[in-house]
1. Along the Cα→Cβ direction, 7 angstrom out, place labels at residue 1 and residue 67. What is the inter-label distance in nm?
2. Restricting to the chain, compute how many DSSP beta bridges are antiparallel as a %, nearest 5.
3. Give the lysines whose C-alpha is closer than 27 Å to that of residue 57, dropping any in the same chain fewer than 8 places away, or say none.
4. Heavy-atom accessible area per residue, the chain, 1.4 Å probe: how many Å²?
5. What Kirkwood Rh does the stretch 73-154 have if only Cα atoms enter the pairwise 1/r average? Answer in Å.
6. Starting from the Cα-Cα distance between residue 13 and residue 92, subtract it from 0.36 nm times their residue separation and give me the gain in nm to one decimal.
7. For the stretch 5-215, which whole-number percentage of the solvent-accessible area (1.4 Å probe, protein heavy atoms only) is attributable to carbon and sulfur atoms?
8. Mind jotting down the distance between the C-alpha centroids of the stretch 29-80 and the stretch 118-164, whole Å?
Amino acid sequence: MSRPLLQLALDHTSLEAAQRDVARLQDHVDIVEAGTILCLTEGLNALRALRQQCPGKTLVADWKVADAGETLAQQAFAAGANWMTIICAAPLATVEKGHQVAREYGGEIQMELFGNWTLNDARDWHRIGIRQAIYHRGRDAQASGQQWGEADLARMKALSDIGLALSITGGITPADLPLFKDINVKAFIAGRALAGAAQPEQVAADFHDQIRTLWGDRS
Ligand code: 5RP
Ligand code: MG
């Protein structure tokens, strides 16, 4: 089990505000995500600007693509993304097309797991070459009271066994991390916990402390 990374999700409604947070936090996180909200608001410029602002960082286009996998992947990777998300409800053909373009750019597709999906879907994704998935508790589900539970942990383990590296997200805070201590986590993705904090650098340090405590010094 390697040590989980920390990903900053930028779900701002203005690129300027997102870039202010990146300026503060880019040295405190491993991965930067152009969030769905930011990308819907600011379009491809969000990716281009973030790529320019942090040239050495892994940059995620969290587009949750459902169709037109080839065209959208072409746009995302050409604008500077390293990884792009595809929603689990997308047809396998969309995933295959997106994956093909990702490979041409040396990038990767991440499957976003919301709502309805099965372990057979996960096996299909893995069979066509996908190696990452994001286990997601949606904002709205969280707001209506959805908690993490044993069923989530069991599904996370099953996904790892299939061979998918898992990132975990959805209102995650440093205090939540012990729940996932037995899971092989690629990255914790945090948006509001970091971007909404008065002292975001301190919250990032708290995430890293927890990660070191729970996963040790594995690299
Ligand atoms: C929502 C997202 C968010 O980027 C992700 O959930 C992280 O944000 P937060 O920590 O604020 O939940 O993709 O669909
Ligand atoms: Mg996101």
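The values are calculated or read from the model by the stated rules, or taken from the named source; none is laboratory data. All of these numbers come straight from a predicted model, not from anything done at the bench. For neighbour counting, all protein chains shown are included, and Cβ atoms are generated from backbone atoms with ideal geometry for every residue, glycine included. All accessible areas refer to the heavy atoms of the entire protein, side chains included, with ligands and DNA or RNA removed. Shrake-Rupley method; radii C 1.70, N 1.55, O 1.52, S 1.80 Å.
1. About 4.1 nm separates the two model spin labels.
2. On the way: 0 of 33 bridges.
Of the beta bridges lying entirely in the chain, close to 0 percent run antiparallel.
3. 97, 181, 186
4. Values: 9900 Å² over 219 residues.
Accessible area per residue: 45 Å².
5. Working: mean 1/r = 0.0731 Å⁻¹.
Computed over Cα pairs of the stretch 73-154, the Kirkwood hydrodynamic radius comes out at 13.7 Å.
6. Values: separation 79, 0.36 × 79 = 28.44 nm, distance 3.11 nm.
Gain on stretching residue 13 to residue 92: 25.3 nm.
7. The C+S portion of the solvent-accessible surface of the stretch 5-215 is 47 percent.
8. If we compute the Cα centre of each part, the gap is 22 Å.
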